[in-house]
Amino acid sequence: MTDSDNTAKQQFKIGELAKRAGISQDTLRFYEKNALICASARSASGYRLYSNDDFARLNFILKAKQVGFSLTEIRELLALKIDKDKSSCQEVKDLVDEKLANVDARISELHRIRASLALLSQNCAGGPSSASHCSILEALAANEQTGAPQ
């Protein structure tokens, strides 16, 4: 058996795979629970065993998570990756473009929130006096009463 055969058939227990991937065992179990990864085999004593292919799949999951994909989206990407011959690159690009549009919308919302917070802060003198006449609390209460979103 060659070294490449040993590497291809190498099996890792959950702790070994988690350490190799730089995550906790709980995170790996979470991914299993959410059907993103499963152990390739079980040892005679019942331990989960993972292969190098499982390690590659876990790295794919972690990279997808790192760029902001949800577990559901990662599941979709994995399905496309598994069925590469039946899937088009356009399908993958469409998922990325949809995610990009969602990120742009969130950024816009965060800019709006930031502007509102900056305005509240600028209109408040602060200081040690009682908050009974705090302009921030009054502005927030006024929005509550009118139901006007800010």
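Of note:
- Label assignment, Cα extents along the principal axes in Å derived from the structure, set [x] 115, 29, 16; [y] 79, 40, 25; [z] 40, 33, 27: [y]
- Sorted peptide list for 80-91, 22-33, criterion being average Cβ within 10 angstrom, highest first: 22-33, 80-91
- Highest-first arrangement of 40-51, 119-130, where packing means the average Cβ count within 10 Å: 40-51, 119-130
- Among CYS38, TYR50, GLN66 - extreme Cα towards positive end, dipole of the chain, charges at beta-carbon: TYR50
- Out-of-range pairs (alpha-carbon distance over 21 Å; input LYS19/LYS63; LYS13/LYS33; LYS19/LYS93; LYS19/LYS99; LYS65/LYS93; LYS65/LYS86): LYS19/LYS93; LYS19/LYS99; LYS65/LYS86
- Selection among ALA101, SER88, ALA118 by position relative to the dipole of the stretch 86-139 gives ALA118 as farthest towards the positive end (Cβ unit charges, Cα centre).
- Assigned charges on the beta-carbon of Lys, Arg, Asp, Glu; the chain dipole about Cα centre (debye): 500 debye
No value in this document is a laboratory result; all are computed from the given coordinates. Since the structure is predicted, the reported quantities are computational estimates derived from the model, not experimental observations. Note: ideal-geometry Cβ built from the backbone for every residue, glycine included; neighbour counts use all protein chains shown.
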